[in-house]
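Q: I'd like to ask some things about the structure below.
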Amino acid sequence: MIPLTVPETVIDASGVAPRIEVMLPAGVRPRQLAVRTLLAGMCLAQADHRPAHLTRVHQVLTSLPEADQRRLGVITDWKHGPHQLTYRQTERTFGLATAALGKDQPGGLPSRALQAACDDLLEASVPEQFKDTSTSLAVDWTDLESFSRPPPARGGPCADPEASWGHRKNNLLRRIDELFYGYYLSAAIMMREENSPPVPELARRATASSCRHDPVRAFTPVLTAMPAAGIGLGDILADSGYAHRDAGAWAIPVRTAGGQLVQDLHPSDRGPKGTHHGAIITNGNLYCPATPRTLTGLGPLARDASPGDIAAHDANTAELARYKLGRISRDDDDGYHRVQCPAAMGKIRCPLRPAPMTLDRDRPEILQPPEHPQACCAQQTITVPPDVLAKTAQKHDYPSAAWRRSYSRRTGAERGFATAKDPATNDISRGWCRLMGLTPLMLFTTTLLIVRNQRILDAWNARQEDNARRAAAGLPPKTRRRRRTTLASLTTAPP
């Protein structure tokens, strides 16, 4: 269990509690439970491995030392003596807060006030020394099941009308989706920069949305609002579920906000997809019309690729890069930029360009140039409008070795959800929260991620102290133990 001072510091730094207090109606008698105390109790309940039940919040507040209870208002002096907080009072303050943060007509998406409160709470859980260490974020979504039973098959109401049917991946050998009734939880986990030391993988943004809404479209405004809050966007690491959305829903807003996409392309978006002024459009770039088809059809490496396969794949992607039209200008205000022929840049030899033919023969040579050259071959440069590569363009050439090394950081999103779903800490499966509606579930999920960030920070600090002790003793840093037992290790082990 984390100390009480930790959630209090986070809540005070966020400034959320006073904002919510102003939104609550004034009653005839002052409320005993303040919003600040309620949020602190929710965090303590999650830190104590308790489910997200209001009874657990009441229990954790009433079990604090008497001095803390009096300071937080859990125990106050009434007319007939000291009075300890009751469950009905806890339920009353929580109900007023969720009603103030919710929408008059719930539609499965958080209100602006609710999203802003959760953003500020999560950002306040990131210590100052780590706020500017990295701008890279790994994003993903997962299932967040509602405690409500789904509506009857013949139609009719249910306890949680905001929830909806969604699908999730299972861990069975059968790679099929299974249905669940609830919400999608989207999160952005802070990752290290390229070629930089590791950083604690802290959750910086999160949102929940009904499964009837696209989780990508629900999370994009949360990410693109970060620069306005003074948080710059760097590398945005996403899988093909994000990349396959239309450009207006994901790629264009993220780039406009300053993010650089590092994402896996959907199989439907890989390979040649038409031409622009004769140049081949493939994998987010423009290539020479004479590029070999074996290179334009390259895909990502298989998981079980051997060292030989990796070396051959990297050689092919390096060869493909020679045929790429090089960018020679930045995007203007309308998103247009100019690119130049690879032969004019000296990357390949082409009979249509006399000057490159005098270069060394270690460069690829175009033996059969187009009989009727188009603009990409006849002109020195061509203009690329924003809609040509809007969906698939990204920071590194896909699927090069540089892209593979950068994209490997995306697994931080999976680790983020794994720590939030760990049964040893907080198992957010069905029944974890028995409150209905998006607003209560999102508030409890935010407090869980705050506690999860604190666990990550504690483990990070302990590991840094251990490395410092080992360095002072002249020992190398401690490496992680390999836990997986393979068939090869079993066959080589002595009897």
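Q: Calculate what fraction, in whole %, of the accessible area of region 180-219 sits on carbon and sulfur atoms when a 1.4 Å probe is rolled over the protein chains.
A: 48 percent
Q: Report the label-to-label distance for residue 266 and residue 491 in nanometres (one decimal), using points 7 Å from each Cα along the Cα→Cβ vector.
A: A separation of 4.1 nm, rounded to one decimal place.
Q: Follow-up. Checking understanding here: applying a Kyte-Doolittle mean of at least -0.5 and a length along the axis of at least 24 Å (C-alpha), which whole DSSP H helices in the chain pass?
A: Helix filter hits for the chain: 438-472.
Q: Aspartates and glutamates near residue 131 by alpha-carbon distance under 18 Å, same-chain residues fewer than 8 away left out - which ones?
A: Answer for residue 131, where 18 Å is the Cα cut-off: 12, 119, 120, 123, 193, 194, 201, 235, 458, listed by chain and number.
Q: Rounded to the nearest whole Å², what accessible area per residue is found for the chain with the 1.4 Å probe?
A: Per-residue value: 51 Å².
Q: Tally up the carbon and sulfur contribution to the accessible surface of region 2-146 as a whole percent, 1.4 Å probe, everything protein left in place.
A: 54 percent
Q: Which FRET efficiency value, to the nearest 0.05, is calculated for residue 379 and residue 31 with the Förster distance at 45 angstrom and r the Cβ-Cβ distance?
A: In this case the efficiency is close to 0.05.
Q: How would you classify region 50-157 from its alpha-carbon gyration tensor, with a ≥ b ≥ c the square roots of the eigenvalues: rounded for a/c under 1.5, else prolate if a/b is greater than b/c, otherwise oblate?
A: Here region 50-157 falls in the oblate category.
Q: Classify region 316-397 from the C-alpha gyration tensor, please: rounded if a/c falls under 1.5, else prolate or oblate depending on whether a/b exceeds b/c.
A: Prolate, since a/c reaches 1.5 and a/b exceeds b/c.
Q: What net charge is computed for the residues neighbouring residue 83, neighbours being all others with C-beta under 15 Å from the C-beta of residue 83, Lys and Arg scored +1, Asp and Glu -1?
A: Net charge around residue 83: +4.
Q: Next question. Measure off, as a whole percent, the carbon and sulfur share of the 1.4 Å-probe accessible area of region 266-424, all protein chains present.
A: 51 percent
Q: Report, in deg cm²/dmol and to the nearest 500, the calculated mean residue ellipticity at 222 nm for the chain, where each DSSP H run with n ≥ 4 adds -39500 (n - 2.57) and the sum is divided by the residue count.
A: -11000 deg cm²/dmol
The values are calculated or read from the model by the stated rules, or taken from the named source; none is laboratory data. Owing to the predicted nature of the structure, the values given are computational and were not obtained by experimental measurement. Using ideal geometry, Cβ is built from the backbone for each residue, glycine included, and neighbour counts are taken over all protein chains shown. Ligands, DNA and RNA are stripped out before the accessible areas are found, and what is left, the full protein with its side chains, is counted by its heavy atoms. Shrake-Rupley method; radii C 1.70, N 1.55, O 1.52, S 1.80 Å.
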